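Step one of this worksheet: look at the structure below.
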Amino acid sequence: MKVPLLDLKVQNSRIRDLAVKKFSKVFDSCEFILGGETEFFEKSVAKYLGAKHAIGVSSGTDAILVALMAIGVGEGDEVICPSFTFFATAGCVARLGARPVFVDIDLDDFNISAAAARRKITKKTRAILPVHLFGQTANMDAIAAISCEFNIPIVEDCAQSFGAKWRDRQSGTFGIAGCFSFYPTKNLGGFGDAGLVCTDDDDFAEKVKILRVHGAKPRYFHRYIGGNFRIDEVQSALLTLKLPSVDGHIENRRRNAEIYLNELTALPGIVLPRELDGNFHTWNQFTVRILNGRRGEIQQALEKEGVGSGVYYPLPLDAQECFVDLVDGKNLTKNAAIAASEVLSLPVYPELEPHQILYAAKALKNALNFG
Ligand SMILES: Cc1ncc(COP(=O)(O)O)c(C=O)c1O
């Protein structure tokens, strides 16, 4: 049997005819960028998230970038972010000339440690950028408390957390901005690159919209130095088509995760992920920790049995070559380093059937028992 880490063929085949119709509609309309499809998609997502505004953009990376630009992050500023995340989180900060301040994570959920974040606040801190990694939100009570105490805005990196909730409230709705990615592997995946910024703040929304089109309003009259952060109509049309299925997909992910958790419980040599109190985990990734330096060996054994797996991410950001000048090499984030050396993500995507998850779990149990 083959259980790939991700296979979009089944999901795509189920919507093929409708998707082709949508393609044709956009094709015939000759309206390819920021048109009616985008307006409709933005309204639909805003409603889903419970946010006042949703602004479609070109990618999750650009969502973070434009949100930070709208706040005015720039030279001399610091932005607090976790050390264990995808590069884009901190890359956007650095691209604006600001300094990403890397904070360690909690190993319980791989998310930013609020206590550690608090210790890194300085007069230069311009934003806190928590990431809801693997589909589970960071502790937003604790982060919101820091934001209130120091009057620092929160920009949430929700690239992996579409549909995730903290105390029944959607991720992305806690700070000034929630930044989503519709990269094909995400809970709501596009057919290419796309992203979204949501916010409840009217002025902020207006600024993001202007920045999205090179800072111009009206056209060719540039109020700000923006960029091309526009979303394509074809993405908006296809994402509109997929949006009603997202909750069902998340339920399937949750079912799959539950099977793993039941099957793999109390095994030595592995730490299982958990849904922490207050969270509605969407399991964009089901990520275990493989202890005792055995990750490479286990990954190979899984591959032999036809079970895919992935390492997200093998190196914390504070240990990345491009950030070497920003960090004090003696105080690198410890939990992030542990996670980087131990994490292994297993197949959990919604179209996987329970028997496939059982097969993958058995392959993992066998691999662990052989050592
Ligand atoms: C945590 C995180 N932040 C940001 C991004 C960037 O999103 P995109 O690939 O849509 O630019 C990703 C996507 O991979 C991500 O996982």
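Read-outs: derived from the displayed coordinates by stated rules, not from any lab. Everything quoted here is computed from the prediction, not taken from an experiment. All Cβ positions, even for glycine, are placed from backbone atoms using ideal geometry, and neighbour counts span all protein chains on display.
Structure above, values below:
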| item | result |
| --- | --- |
| Entries in Lys242/Lys362; Lys165/Lys365; Lys9/Lys304; Lys217/Lys242; Lys25/Lys186; Lys242/Lys365 that, when Cα-Cα distance is taken, lie over 29 Å | Lys242/Lys362; Lys165/Lys365; Lys217/Lys242; Lys242/Lys365 |
| Rel. contact order, % - alpha carbon contacts under 8 angstrom, at least six apart, segment 245-370 | 39 percent |
| Rel. contact order, % - alpha carbon contacts under 8 angstrom, at least six apart, the chain | 22 percent |
| Estimated distance in nm for a label pair at Asp201 and Lys2, the labels positioned 7 Å out from Cα along Cα-to-Cβ | 4.8 nm |
| FRET efficiency estimate (nearest 0.05) - Cβ-Cβ, Asn369 to Phe150, R0 56 angstrom | 0.70 |
| Share of alpha-carbon pairs per 10 Å distance bin for the chain, given as whole % | 5, 24, 32, 25, 12, 2, 0 |
| Extended-chain gain in nm, criterion 0.36 nm per residue less alpha-carbon gap, Lys9 and Glu75 | 19.3 nm |
| Gaussian network model of the chain, springs between alpha carbon atoms under 10 Å - residue of Asp202, Asp106, Asp77 with greatest fluctuation | Asp202 |
| Dipole-positive endmost among Pro316, Ile154, Leu346 within the chain (Cβ charges, Cα centre) | Leu346 |
| Extended-chain gain in nm, criterion 0.36 nm per residue less alpha-carbon gap, Asp325 and Gln300 | 5.5 nm |
| For segment 245-370, the spread of Cα positions along each principal axis, largest first, Å | 48, 38, 24 |
| Neighbour-count order for Ile33, Ile152, fewest beta carbons within 10 angstrom listed first | Ile33, Ile152 |
| Potential lengthening between Lys52 and Glu39 on full extension [0.36 nm per residue; Cα-Cα distance subtracted] | 3.3 nm |
| Glu31-Lys334 pseudo-label distance in nm [points 7 Å out on the Cα-to-Cβ vector] | 5.7 nm |
| Residues Asp277, Asp232, Asp193, Asp157 arranged by fewest to most Cβ contacts within 10 Å | Asp277, Asp193, Asp232, Asp157 |
| Neighbour-count order for Trp166, Trp283, fewest beta carbons within 10 angstrom listed first | Trp166, Trp283 |
| Packing-based order for 13-25, 246-258, 263-275, using average beta carbon neighbours within 10 Å, highest first | 246-258, 263-275, 13-25 |
| Cβ-placed point charges (K, R +1; D, E -1), dipole of the chain about Cα centre in debye, nearest 20 | 200 debye |
